[in-house]
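Below is one structure, written out as structure tokens; the observations come after it.
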Amino acid sequence: MSGNPDPKVWLITGASSGLGRELAEEALARGERVVATARSEDAVAELQERYPGRALATRLDVTEPDQAGAAIEAAVGAFGGVDVIVNNAGYGLFGALEELPPEELRREFETNVFGAVNVLRAALPQLRRQQRGWIVQISSLEGVAPALAGESAYAGSKFAVEGICEALAKEVEPLGISVTIVEPGPVRTDFAAGARTHPPQAEDYAETVGAAFEWFEEIAGQQPNDPALVASAIIDAVSAERPPLRLVLGEEALGAVREKLDRQARELATWERVAMETAAA
């Protein structure tokens, strides 16, 4: 499919493995051009070798703002611009909030939140100059409806980027820039291998966080969503005439989000009288 008459330029963070790699592979298979980034350039060099002239391998540790700027410059230098920014880099941190080492909690937000912001801030001047572009923020079901105990740190980081991106959409829509937040359910990737886990120490958390860790072990390698199909759905959404602000992917994610919205609607109705009584005289 290299004959794509109007190829987009995709810059994808965390493209060495998992969903980021699948997105890079699928975009290239469709004839798009891809700037594949990872903390180690060697981890994505093979894509550039397989697709000379259409793939560029670039080092990018998202926690380093200067590297984010250099990656955008590399994209513009190689392809004349950049159309789609995919904020995919990140990792999971799981355990009871009370027991998580504070330095690890800060590192989680430094990568998942401030890393995403570094890439956005580096890309936005170029997208504004073009007066067009797409921002794709990879979030998670946990960024809208956390399913299990032990996910407070990871869910918190995803809630943060969702809030940033939803507000950002209002800033950039008049400039021709679209924002899509992707909220997949469990995807069959090696995400768990790169996660930091802290099984509960306090007995009080055995039936909540402990049970969640047992579920993590059971589902490993059997996650219900195919990463190739998730990648394809994301690219289709970006290609839509009106890309969605939120893209929920997976049957279990769809059910969980609907259940949360229904619960919120019922709670709003129950407490509507209290809400209406706070107006200043």
inquiry  = Among the numbered criteria (1) open to solvent by 40 Å² or more (accessible area, probe 1.4 Å); (2) in contact (Cβ under 8 Å) with a residue 40 or more places away in the chain; (3) under 16 Å from the mean Cα position of the chain (by Cα); (4) within 23 Å of LEU93 (Cα to Cα), which one does GLU252 miss?
reply    = (3)
query = Considering only the range 126-150, how many residues are in contact (Cβ under 8 Å) with a residue 12 or more places away in the chain and either of a type in the set (A, V, I, L, M, F, W, C) or surrounded by fewer than 22 Cβ atoms within 10 Å (Cβ to Cβ) (or both)?
reply = 16
query = Of (1) more than 20 Å from the chain's Cα centre (by Cα); (2) open to solvent by 60 Å² or more (accessible area, probe 1.4 Å), ARG246 satisfies all except one. Which?
reply = (1)
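Quick one: which residue in VAL248, VAL179 is closer than 28 Å to GLY31 by Cα, in a strand (DSSP E or B) and touching a Phe, Trp or Tyr at 6+ places or on another chain (Cβ under 9 Å)?
VAL179
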request  = Could you please give the count of residues in the range 89-110 that are farther than 18 Å from ASP190 by Cα, touching a Ser or Thr at 6+ places or on another chain (Cβ under 7 Å) and part of a helix (DSSP H, G or I)?
outcome  = 3
request  = Output the residues belonging to the range 24-81 that are part of a strand (DSSP E or B) and crowded, with 19+ Cβ neighbours inside 10 Å.
outcome  = ARG33, VAL34, VAL35, ALA36, THR37, ALA38, ALA55, LEU56, ALA57, THR58
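Here's the yes/no breakdown for (1) closer than 27 Å to PRO102 by Cβ; (2) touching a helix residue (DSSP H, G or I) at 6+ places or on another chain (Cβ under 6 Å); (3) charged (D, E, K, R):
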site	(1), (2), (3)
TRP134	no, yes, no
ILE138	yes, no, no
GLU142	yes, yes, yes
ALA145	yes, yes, no
ALA149	yes, yes, no
ALA155	yes, yes, no
LYS158	yes, yes, yes
GLY163	yes, no, no
VAL172	no, no, no
query = Among GLY14, GLY20, which is the only one that is in a loop (DSSP other than H, G, I, E, B) and open to solvent by less than 50 Å² (accessible area, probe 1.4 Å)?
reply = GLY14
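Go through the range 272-281 and report how many residues are in a helix (DSSP H, G or I) and open to solvent by 100 Å² or more (accessible area, probe 1.4 Å).
Qualifying residue count for the region: 2.
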ask   = Among ALA269, ALA233, ALA193, which is the only one that is of a type in the set (A, V, I, L, M), surrounded by 12 or more Cβ atoms within 10 Å (Cβ to Cβ) and either in a helix (DSSP H, G or I) or touching a Pro at 6+ places or on another chain (Cβ under 9 Å) (or both)?
value = ALA233
inquiry  = For a quick check of your reading of the model, give me the residue pairs whose first member lies in the range 187-213 and is of a type in the set (Asp, Glu), whose second is surrounded by 13 or more Cβ atoms within 10 Å (Cβ to Cβ), with beta-carbon atoms closer than 7 Å and at least 6 apart or on different chains.
reply    = ASP190/SER17; ASP190/GLY18
Filtered residue count, the range 177-190, keeping only those that are within 18 Å of ILE85 (Cα to Cα) and either at pLDDT below 90 or loosely packed, with under 13 Cβ neighbours inside 10 Å (or both) = 0
Breaking point among (1) open to solvent by 70 Å² or more (accessible area, probe 1.4 Å); (2) under 30 Å from ALA29 (Cα atoms), for GLU217 = (2)
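The values are calculated or read from the model by the stated rules, or taken from the named source; none is laboratory data. Predicted model only: the values in this text are computed from it and were never measured. Positions of Cβ are generated from backbone atoms using ideal geometry, with glycine treated the same way; all protein chains shown enter the neighbour counts. These area figures cover heavy atoms from the full protein model, side chains too; ligands, DNA and RNA do not enter into them. Shrake-Rupley method; radii C 1.70, N 1.55, O 1.52, S 1.80 Å.
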